[in-house]
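Before any comments, here is the structure.
The values are calculated or read from the model by the stated rules, or taken from the named source; none is laboratory data. This is a predicted model, so every value here is computed, not measured. Every residue, glycine as well, gets a Cβ built from its backbone with ideal geometry; the counts of neighbours run over all protein chains shown.
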C-alpha cells in the first residue's frame, strides 16, 4: 500500500524565547495569564541572517535524506518569501541540487496553506503530471511581527516543514472555502508592489508590519469552521467516531479547545501541541502530524482529518488514511 504522506520532517530555529521569562520583562502584557489561552510557552525565532529559504532548506534536506527516488515536483507554500522575484521554490531547487526537470512553483497562503498545497500535490499525482512531490511550507513571521505587539508576538513562531507526497491507493477527500469579505482581518501592511519606496516627503516607508484582528478572527473561526468540518465529514461519508485523530491548524489552545467542545471531539482524538512550538502558520499541521507520530498518537493506517483556517479568511481540510 502506497502511503499518501510518505515522510514528514520539520525545522524549528534554535533561537527560542521563553514566554514566562518574557513576562518578567513586559509585566504589562499579562503573558502568564494568557498562557492558558495561547498554549504557547516557547517561541522559535530565526536568526537575523536566517532567511525563509534557509529554514525551508533545512526541513527539505531532512525529508530527502536517504530517499532513493527523488521528487519530480517541488511546491513551496510561504507568505514570507525572501523576495518577490524569483520564486522561493526555484532557489530551493538550486540549493537542493534537484534535477532541472523538476517542476517548481510557490503557493501564497498562510494557515490554510497546507491543505491547499496538499490538494495541489495530490492533483499533480492523480493526473500523472508528477510521480512524487516534495511539499515544503516555510514562514519567517518574526521578521514582520513587531516585538511591541502583545497579541501576536507571544503566539507566532518561525518554522518549516517538508513532506514527501506519493499517490495513495485510496483517494483523500478535500474541502475548501474563502470568505474574502474578511480579508483585512489578517494582513501585512507596507508590503507588495503597491508600496512606493518613499513617501511624498522623501522619507523611507516603514518596514512591513503584520496585523491581526484577533477577536474578529476568533469569531470567524468559531462561527464558520465547525460547520465546515461537519461538511467535510459529510462529503467523506464519515462520522466523528470514524476519525482516529484530528490535526487542526495550531492557532491557539483556546481556539482548538473551543472547536473541540463545539463538535464534541474527544480530547484524546484532538491534537493540541503548541507549548514547545508556537503557531507556525502553514507548517503547524505537518509539524503536529510529525510530533503526534513520534509520541505514538498517530500510526500508519489510521484515518486522519486535517483542517487549516486563517488568512483570507480561508479554510481547507482533508480526510485520508495516514
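Residues are listed down the side, and each one gets a yes or a no for (1) surrounded by fewer than 20 Cβ atoms within 10 Å (Cβ to Cβ); (2) in contact with a strand residue (DSSP E or B) (Cβ under 9 Å, 6 or more places away or on another chain); (3) touching a residue at least 24 places away in the same chain (Cβ under 8 Å):
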site	(1), (2), (3)
81	no, yes, yes
92	no, yes, yes
101	yes, no, yes
135	no, yes, yes
146	yes, yes, yes
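In the range 105-124 there is at least one residue matching the filter, namely being free of Cβ contacts under 8 Å to residues at least 40 places away in the same chain and surrounded by 18 or more Cβ atoms within 10 Å (Cβ to Cβ).
Of all residue pairs spaced 6 or more apart or on separate chains, those with beta-carbon atoms under 6 Å, a first member in the range 25-42 that is farther than 21 Å from residue 158 by Cα and a second member that is part of a loop (DSSP other than H, G, I, E, B) are 29/150.
Considering the range 141-190 alone, what residues qualify as being assigned by TED's automatic domain parsing to the domain that holds residue 215, under 30 Å from residue 32 (Cβ atoms) and either at pLDDT 95 or above or within 20 Å of the chain's Cα centre (by Cα) (or both)? 185, 186, 187, 188, listed by residue number. When residue 286 is tested against (1) in contact with a strand residue (DSSP E or B) (Cβ under 8 Å, 6 or more places away or on another chain); (2) farther than 27 Å from residue 17 by Cβ, exactly one condition is not met: (2). Scanning the range 27-51 for residues that are surrounded by 17 or more Cβ atoms within 10 Å (Cβ to Cβ) and either within 17 Å of residue 145 (Cα to Cα) or assigned by TED's automatic domain parsing to the domain that holds residue 250 (or both) yields 29, 31, 38, 40, 43, 44, 45, 46, 50, 51. How many residues does the range 52-71 hold that are surrounded by 11 or more Cβ atoms within 10 Å (Cβ to Cβ) and not in a helix (DSSP H, G or I)? Result for the range 52-71: 3.
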